[in-house]
Structures are given as structure tokens and as C-alpha cells.
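Colleague: Can you read through this structure? Questions will come right after.
The values are calculated or read from the model by the stated rules, or taken from the named source; none is laboratory data. Computed from a prediction, not measured in an experiment: that's the story for all the values here. Cβ sites come from the backbone with ideal geometry, for glycine too, and all protein chains shown count toward neighbours.
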């Protein structure tokens, strides 16, 4: 699977909602959680999960503006337990454990991560284009 919006968990429910289906299967999203990966997370979002710190961290977006969502809260920080790996992707989830994956992202630049280092997600911008003015 290429990175992007998850068809079953996000795209189809949004399209159903646009068509007036009140049972589209997409509830209000109360929180979002990020997980680190060392390769493409795949359709289930479970491939190549970082062994340094597999804990999902909560993220908060600012109010949308000009078709863009950006992180608004303090950055999420992961601490490596004792491994050496390269973080290449993240997945965004509905819950801290279990839940559904909404989308996956490839990092602009891979990040080497070794024991005692921390990984900080400072920015995550989500843009929908093209949009009619």
C-alpha cells in the first residue's frame, strides 16, 4: 500500500457522509494517535513498527484554515529504549491501542534513531488539494 488516506477507515465513510448517509461509520474523532515505523506501515498500519518505542503518542491539530491542518499542541516525544533503527514513516490512529488507522505518512527525511536518543514530531501538516476557491 502506498502511504495516504485509508480507504475503508476514512475515505469511504467521508464519501458516504457527503451523500447524506448518517450511518456512514465515521464518528466524531476525539483524538488522534501517532505510531513510528521503519518502513511503509501497510494497509493495516501494523508493518515495521519501531521497536525503540512502539507507544502511540497523542497529537492535536489546530483549527483548519486554507485547506490545511497543522499540529497545535506540544510535540510528541518518543524515547528509544535500546535499539538502532531508522524511522521512515508514521501512522495516525483513532486510539492509543487497537483502534483503526486513518492515514500513513512517509517522513520528508528518514531519521536515524539510536539508544538513548529521542524522536520528536514537531510538525505534521495535512493539506487537501486541489480545492476550488
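Colleague: Would you tally the residues in segment 80-119 being within 18 Å of the chain's Cα centre (by Cα), touching a residue at least 12 places away in the same chain (Cβ under 8 Å), loosely packed, with under 14 Cβ neighbours inside 10 Å and in a strand (DSSP E or B)?
Modeller: So the count comes out to 2.
Colleague: Determine if segment 41-56 includes at least one residue that is modelled with pLDDT under 90 and outside any loop (DSSP other than H, G, I, E, B).
Modeller: No, the conditions are met nowhere in segment 41-56.
Colleague: Just the residues that are at pLDDT 70 or above and not in a helix (DSSP H, G or I), please, taken from segment 1-23.
Modeller: Those that are at pLDDT 70 or above and not in a helix (DSSP H, G or I): 2, 3, 4, 5, 6, 19, 20, 21.
Colleague: Scan segment 24-32 and give yes if some residue there is surrounded by fewer than 16 Cβ atoms within 10 Å (Cβ to Cβ), at pLDDT below 75, out of contact with any helix residue (DSSP H, G or I) (no Cβ under 6 Å at 6 or more places or on another chain) and more than 20 Å from residue 124 (Cα to Cα), otherwise no.
Modeller: For segment 24-32, residues surrounded by fewer than 16 Cβ atoms within 10 Å (Cβ to Cβ), at pLDDT below 75, out of contact with any helix residue (DSSP H, G or I) (no Cβ under 6 Å at 6 or more places or on another chain) and more than 20 Å from residue 124 (Cα to Cα): present.
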